[in-house]
Amino acid sequence: MIRVHDAVVRYPGARVNALDGATFDAPPGCITAVVGPNGSGKSTIVRALIGQVPLASGALQVGAFDVASADRRTLARTLAVVTQREEPVFPLTVREYVMLGRYPHHGAWSALGPADATLADAAAARAGASDLMARRTDELSGGEWQRVRLARALAQGGDVLVLDEPGTFLDVAHEMAAFELLDALARDGRTVLLVSHQLNLVARFASRIVLLHRGRVAASGPPADVMRGDVLEPVYEWPLVVSRDPAVGAPVLVPLRRT
Amino acid sequence: MTTTRWLLLWGALAVACAAGLALGPVALSLGDVVRALLGGGDSQAASIVRDLRLARVCLAVITGAGLGMSGAALQGTLRNTLAEPYLLGVSGGAAVGAVLAVVAGVTAAVALPVAAFVGAATAVGLVLVIARVASGRADPRILLMAGVVVGAFANAAIMVLLAGAGENTVRNALWWMMGSVSAAEWASLRWLALDALVAGAALVAVARDIDLLALGEDAAAGLGVRVATATRRIFLLSALLAAVTVAGAGLVGFVGLVVPAIARALGMRRARGLLVSSALIGATLVVAADVVARTARAPAELPLGAVTALVGVPFFLVRLRRAA
């Protein structure tokens, strides 16, 4: 469970708040998608969750932890984050990389043991990365890298997953595979919060959509409540229609041409 | 990395140290060296080994190990294969401190290391403050830029200091700035060794943070690292190690750049193994470089920093080309 309560974030030197009193919940057992235009505060929520930007006021709760006061390493055992970008400068083997997910469970001197290796293997299997374990991180394709990163997040062992733009750099097949995997992980009982630009895709997989606008929640609820022209148009400031896909029945956003 | 490779690293260091004790203007046999170390042999050989070369080899080991570890830690944390202590202004700061002492005519044996320490610490503080003012947090790129700027300022300060100094002073200062372990003395070695050991062990203790920071700040934060605190801690420990080496041996460049690259080429990927192997490789290289420095044009002695630079600069260019 993630609970964002009246969260306010202002970056140093900024004239407006990046988050301006956002409030929403991401319950366990389903995918919650945070959407919104550029600069609406989507990524700021992720950065606040990992303690990279402090809240000016309000509260962030992950499971039983208050993010502001929780020990970062303890929190990392519950909350795993797949950030938008991550390019290791120094390549590791995939096995070594997935094992990094076990670091939050160990102090400076305690050694990673067979139990950690077993958990890393299980995480890799769940993320469909088992056959990649002997490869090097700089030899992977975009889709493979995304699976490996998810495996590392699962190896952290927590039940709250946060992903920032998980579909970036993925082709249609890999993107669908990634979202189906996230769906399955949520069905296992995990809390899955994802930040995404791809409204049409999240409308098919997410149980709840949170629409951010200038750091506030403009709308939230099941996809049918948020994926509406009259809700989205003023936020994106672009003429658009929402129709229903005849093949899969999901709401589909179609931006219109202005000329 | 396999046990065999670790044994090879230790073996290489042992061979380098043996050469460091045996070779020089007066070449000794290994038998002479062993006898001298055990307290026997003829008095001239014993004096050369015990009074001159052993301290020299020890200082070279400390210098190489410190620079190697410092480079390994900085490269991981700054996510930059070109980072090394000298790029971060530590050397510049230390040099300013030492040159200031020389120009002021302070001759006490303890003054030079202390002055270098103070200078290095000041440079570290400056770099951190500049980075914080410029970006509000410990951004690795800003830190690197701040280091370059502080280093450039330090160079200018040294030029100004030396401008009015006497010929002898300039000569001493220059010799020190080119790096050398020839002035090794047991009295100061003990403290340098202790400092290097403590800082090195502390770096090994935060090795996992280095592994995670190498993924990037946000990824590290997601894995439980307090990014700003950890970055600052690693940066200060690396700077402390570099300052120890500068205080003992002056400016020995490029070791911090070359050594971690060799360790990685040997298959060291995670920070703990990388740090320890960098200490071994660095020590081996600097001991070997010192042997070259004192035998290549004997009885004249080459500056140690010149030898490491002659090896390091071509290496740097190759790396730069690969990084571009």
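Values in this text are rule-based calculations from the coordinates and carry no lab data. Computed from a prediction, not measured in an experiment: that's the story for all the values here. Neighbour counts are summed over all protein chains in view; Cβ atoms, including those assigned to glycine, are modelled from backbone coordinates with ideal geometry.
Relative contact order, percent, of region B:56-181 when contacts are C-alpha pairs under 8 Å separated by at least 6 residues?
On the way: 146 pairs, mean separation 37.9, N = 126.
Over region B:56-181, the number comes to 30 percent.
Using 10 Å bins from zero, what percent of all Cα-Cα pairs in region B:88-238 falls into each bin?
Each 10 Å bin holds this share of Cα pairs: 11, 33, 31, 19, 6, 1.
Translational D (Stokes-Einstein, µm²/s) of region A:38-159 at 20 °C and 1.002 mPa s when Rh comes from the Kirkwood sum over C-alpha pairs?
In µm²/s, the coefficient rounds to 139.
Residues with amide H under 5 Å of A:Val217's amide H, sequence separation 5 or more or different chain, H placed in the peptide plane at 1.01 Å from N; which?
The answer is A:Thr23.
Can you sort A:Tyr236, A:Tyr103 from fewest to most other Cβ atoms within 10 Å of each residue's own Cβ?
By the 10 Å Cβ count, ascending: A:Tyr236, A:Tyr103.
At q = 0.10 Å⁻¹, what is the base-10 log of I(q)/I(0) for the protein assembly as shown according to the Debye formula with one equal point scatterer per Cα and no solvent? Please give it to two decimals.
The calculated log intensity ratios at q = 0.10 Å⁻¹ are -0.88.
Who wins for biggest fluctuation among A:Ala219, A:Ala64, A:Ala117 in a Gaussian network model of chain A, springs between alpha carbons below 10 Å?
A:Ala64
For region B:3-323, just list the percent of Cα-Cα distances falling in each 20 Å bin from zero outward, please.
33, 57, 10, 0
I need the Debye-formula profile for chain A: one equal scatterer per C-alpha, no solvent, reported as log10 I(q)/I(0) at q = 0.11, 0.13 1/Å, two decimals.
For chain A, the Cα-only Debye profile gives -0.62, -0.85.
Report, in debye and to the nearest 20, how large the dipole of the protein assembly as shown comes out about its Cα centre when Lys and Arg carry +1 and Asp and Glu carry -1 on their Cβ.
300 debye
Per residue of chain B, what 222 nm ellipticity follows from adding -39500 (n - 2.57) for every DSSP H run with n ≥ 4, rounded to the nearest 500?
Only helices count here, giving -25000 deg cm²/dmol.
So for B:Val286, B:Val127, fewest C-beta neighbours within 10 Å to most, what's the order?
Result, fewest neighbours first: B:Val127, B:Val286.
When chain A is modelled as a GNM with alpha-carbon springs shorter than 10 Å, which of A:Gly51, A:Gly215, A:Gly157 fluctuates the most?
A:Gly51
Using only alpha carbon pairs under 8 Å that are at least six residues apart, calculate the relative contact order of region B:3-323 and give it in whole percent. The partial results should precede the final answer.
Details: 543 pairs, mean separation 99.5, N = 321.
It comes to 31 percent, rounded to a whole number.
Of B:Val57, B:Gly68, B:Cys17, which is farthest on the positive side of the dipole of region B:1-117, counting Cα position, with +1 on Lys and Arg Cβ, -1 on Asp and Glu Cβ, and the Cα centre as origin?
B:Gly68
Taking the Cα centre as origin and putting +1 on Lys and Arg beta-carbons and -1 on Asp and Glu beta-carbons, what dipole magnitude results for region B:212-306, to the nearest 20 debye?
Value, rounded to 20: 220 debye.
Just want the ordering: A:Met1, B:Met268, from fewest to most Cβ atoms lying within 10 Å of their own Cβ.
Fewest to most other Cβ atoms nearby, the residues stand as A:Met1, B:Met268.
With bins 10 Å wide starting at 0, give me the P(r) of region A:85-157 over every alpha carbon pair, in whole percents.
Going from the shortest bin to the longest, the percentages are 22, 55, 22, 1.
Select from B:Ala202, B:Ala239, B:Ala16 the residue whose mean-square fluctuation is largest in a Gaussian network model of chain B (Cα-Cα springs shorter than 10 Å).
Per the Cα network of chain B with a 10 Å cutoff, B:Ala202 tops the list.
As a check on your grasp of the helix formula, calculate [θ] at 222 nm for chain A: sum -39500 (n - 2.57) over DSSP H runs of n ≥ 4, divide by the residue count, round to the nearest 500. Provide the component values of the computation, followed by the final result.
On the way: 9 runs with 81 residues, N = 259.
Taking each H run of at least 4 residues, the total per residue is -9000 deg cm²/dmol.
Name the helices (complete DSSP H segments) of chain B with a Cα length along the long axis of 24 Å or more and a Kyte-Doolittle mean of at least 0.5, or state none.
B:3-22, B:54-78, B:111-135, B:140-163, B:186-205, B:227-249, B:271-295, B:304-323
Normalising by the residue count of chain A, find the relative contact order in percent from Cα pairs under 8 Å and 6+ residues apart.
After rounding, I find 25 percent.
What is the average number of partner chain Cβ atoms found within 10 Å of a Cβ in A:87-99?
Mean shielding count: 4.
Under unit Cβ charges (Lys, Arg +1; Asp, Glu -1), what dipole magnitude, rounded to 20 debye, does region B:80-221 have relative to its Cα centre?
220 debye
Taking amide H positions as placed 1.01 Å from N in the peptide plane, with prolines and chain starts having none, which residues 5 or more places from A:Val241, or on another chain, fall under 5 Å of its amide H?
A:Val254, A:Leu256
Taking H placed 1.01 Å from N in the peptide plane, check which residues at least 5 places from A:Val82 or on another chain put their amide H under 5 Å from its amide H.
HN-HN under 5 Å from A:Val82: A:Val162, A:Leu163, A:Asp164.
Placing one identical point scatterer on every Cα of region A:127-259 and ignoring solvent, what is log10 I(q)/I(0) from the Debye formula at q = 0.12, 0.16, 0.20, 0.21 Å⁻¹?
Listed by q, the Debye log ratios stand at -0.55, -0.89, -1.21, -1.28.
With Kirkwood's inverse mean 1/r over C-alpha pairs for Rh, give me the Rg to Rh ratio of region B:142-210, two decimals please. Let's see the in-between values first.
Details: Rg = 17.2 Å, Rh = 15.5 Å.
Here the Rg-to-Rh quotient is 1.11.
So what J values fall out for region A:238-252 if you push phi through Karplus, 6.51 cos²θ - 1.76 cosθ + 1.60 with θ = phi - 60°, rounded to Hz, Gly and Pro as x?
For region A:238-252, the Karplus curve yields 8, x, 8, 10, 10, 10, 10, 5, x, 7, 10, x, 7, x, 10 Hz.
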